[in-house]
Structures are given as structure tokens and as C-alpha cells.
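Reading through the C-alpha cells given below for one structure.
The values are calculated or read from the model by the stated rules, or taken from the named source; none is laboratory data. Everything quoted here is computed from the prediction, not taken from an experiment. Every residue, glycine as well, gets a Cβ built from its backbone with ideal geometry; the counts of neighbours run over all protein chains shown.
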Amino acid sequence: MQVYVGRRTLMGAAMGWFVSSATVRAAEPVAITGAGSSFIDPVMRRLLELVPASMGVQASYDPVGSGNGRNRVLAGDVDFGASDEPMPADKLADSNLVQFPLVFGGIVCAVNIPGVADNRLVLDGPLLGAIYTGAIKKWNDPQITALNPGLALPDLDIHPVSEGTPNGTQPGTVYNFKQYLFATNPELKAKYGAGTSRRWTVGSMAATNAFVVDTIRVLPGSIGYMSLGAAAKAGLVRAMLRNRAGKAVAASSAALAAATTQADWAHAPGMVVNLLDLPGDESWPIVIATYALVPKEPKHPEALRAFIRFIINEPTAAPSVFAASMPPAVRTAALAMPGISGS
């Protein structure tokens, strides 16, 4: 009898050990990996901090650039990608992916003009086009002072700074800034062509966005373009922009969100819309969308679905790093997509 009880005790202990081990194994989080746009990296880092442990997901994101992100999700090396350049509809269909704009960022112009404080200088598309092609060379040019009555602007040379790479590739910031200038300066588009990679700007070329920031910080008279988040983090002086409605607006998460609500999402093939120079009194005129690329048939369906739905529904991450979250129409459409909805 004693032996019988001992066996039951041993068996119970063994079963308890087995159950405990199974429970531990079941509780191990599923690794979800993403890669792509460096523009969205601050938002992704914030989102990863907010993922609840109860979701059972351990997510990571590698900001290797939009092109590399697209290639890695197409190769199946990562669970999702992020790109500042949307994928064409036929490529999406062939690759069995869904795409939606996840985060909206803004491009701003930072300046170093002695005596000019943050969000005091007002510029617009035509002035920026003239500055970056060398037609306007001084900060006290009559065309600039006319837009800035009461602001003391010095007789100081303008030093435009652009981001550029030796191999000629264009980061999303460069591409979208150029498209904004072409949209607001039709003569530039006619002269250079909207798709050209030919150099058309004057001034200095910096290899990375970090070098653009460093140049603006130390060079009086300089102006450069970058993400709102990069300019704010660096503490640079930002220019306001006059938008399509003729209003001078300061860049902010609210101004980015105001622009996204003006887009015609209901008639946007593949959820791809032009976010440059949109109407609206509060709209910021240079907005970039970063697109998520998600497999319809992922390797970890439940875990990836839970993670993607979380980042779609999380309202606080983007504004905390000077970006804008998805408008309601985009969120609703994204949640209904194959691979995300569960269907």
C-alpha cells in the first residue's frame, strides 16, 4: 500500500513537472520580425515598447531602408515590411501581400539664420524652388521679406543643403521633397522631369540625414530638409510653410493628421494617395506615408495578426515622435484586409 501511494505520488509529481514544462513552453513568445523604412523607425521603436506581454509576441524591427525591407519581405526573411514607396498593385498580387499606410510623417525645412527663432520664418513651395535652384541667393531677398513682414532677415547668403548618396539612390525624404517642389513649381517639373535623378539643386550635398542635421547646426545661412522628428530631436529652427489654402502653418502631428483627412481614401487604388500640398487651412503641405507590407498567408498567422492589429489600433505612438496615426477610414480598411482580419 505504501508502494502504491508512492507511485501515485511520483506519477503526480512527474505529471506536474510535465504540465509545468508544457505551460512554460506555451508561454514562450512568438518572434515577429520586420524590416524596412528608416523614416518610420522612431514610431516602430515606440510601438515595440507598448506591445503588451500578454500578447505572446516578441517583435523586432530593422530600419534597413525601404528597398531592403521590400526585398526581405518578398524573400520571406521577415514577417512584415515597411516602405516609404508603395508597391504597385500587380506586384502586390503576384507576391500575395497586402499593403496599407501605417504612419504619416512630415518633411520640414530647418534653417540657421541668426536672430530667427523657431516657427517664425514663413516659406512656400515657389520660394523653396527658387532657393534650391539658385534663383534666390540671400535671406533678405524681396520675395522672402514680402512673405515675412516684420521679421528682420539679414543680408546673408543662403546655403542650401540636400541629402544625397554616391550611388544616386533617393531616400524617401529626398524624393518627396523634390515632388513637392515640382508640384508647386510647374516650370521646374517641365524643365527637369518629375522622375529624373539628375542633379538640379545648388548648394551642399550631405551623405546622410545626420550630416544634413550637423551642417544646419553649424553653418549660418543654411537650410535643409528632413523629417519633423529629426528636426525636433536635434532642436533645429524650423520654418513654417504656407499651404495650399494660403495659411502659414507650423509642422506638428496635428497638422499632419489634418492633411491625411483631406485625402480621398474612398477612391484610392491600393490605398495609395498623393499627400503633397493638400487643401485645408490646418494641413501641413509635405506629408509622407510609410506603407506596411503584410503576407496574406504569414508563417505565424495568429501572432502576426495580433501584432499588426495592435499597431493599427495604437493611437499614441506616432504623435509621441512627431508623426500622425492612421485616419479612421484607413484603419477600418486595413483591419478588414486578408491576413489581418483573419479571413
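Quick look at the values:
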read-out	value
Leading residue by the ranking (surrounded by the fewest Cβ atoms within 10 Å (Cβ to Cβ)) among those in the stretch 251-301 that are among the polar types (S, T, N, Q) and closer than 22 Å to residue 184 by Cβ	274
Helices (runs of 4 or more DSSP H) enclosed by the stretch 176-243 - at least 1 residues per element that are touching a Phe, Trp or Tyr at 6+ places or on another chain (Cβ under 6 Å) and surrounded by 19 or more Cβ atoms within 10 Å (Cβ to Cβ)	186-192, 228-234
Flag for residue 141 being under 29 Å from residue 187 (Cβ atoms), under 25 Å from the mean Cα position of the chain (by Cα) and among the charged types (D, E, K, R)	no
Filter pass, residue 117 being without any contact (Cβ under 8 Å) to a residue 12 or more places away in the chain and in the same structural domain as residue 171 (by TED's automatic domain parsing)	no
Filter result for residue 144 (assigned to a loop (DSSP other than H, G, I, E, B) and either touching a residue at least 12 places away in the same chain (Cβ under 8 Å) or closer than 30 Å to residue 292 by Cβ (or both))	no
Unique match (being out of contact with any helix residue (DSSP H, G or I) (no Cβ under 7 Å at 6 or more places or on another chain), assigned by TED's automatic domain parsing to the domain that holds residue 128 and among the hydrophobic types (A, V, I, L, M, F, W, C)) among 234, 259	259
Qualifying residue in the stretch 82-90 (condition: over 17 Å from residue 294 (Cβ atoms), buried (at least 16 other Cβ atoms within 10 Å of the Cβ) and in the same structural domain as residue 297 (by TED's automatic domain parsing))	no
Criterion violated by residue 81 - all others in (1) small (Gly, Ala, Ser); (2) in a strand (DSSP E or B); (3) modelled with pLDDT under 95 satisfied	(3)
Residue pairs meeting the criteria (Cβ under 7 Å; at least 6 apart or on separate chains; first more than 13 Å from residue 330 (Cβ to Cβ), in the stretch 256-268; second among the charged types (D, E, K, R) and modelled with pLDDT of 90 or more)	258/282
Candidates 297, 282 - the one that is farther than 24 Å from residue 36 by Cα, part of a loop (DSSP other than H, G, I, E, B) and more than 18 Å from the chain's Cα centre (by Cα)	282
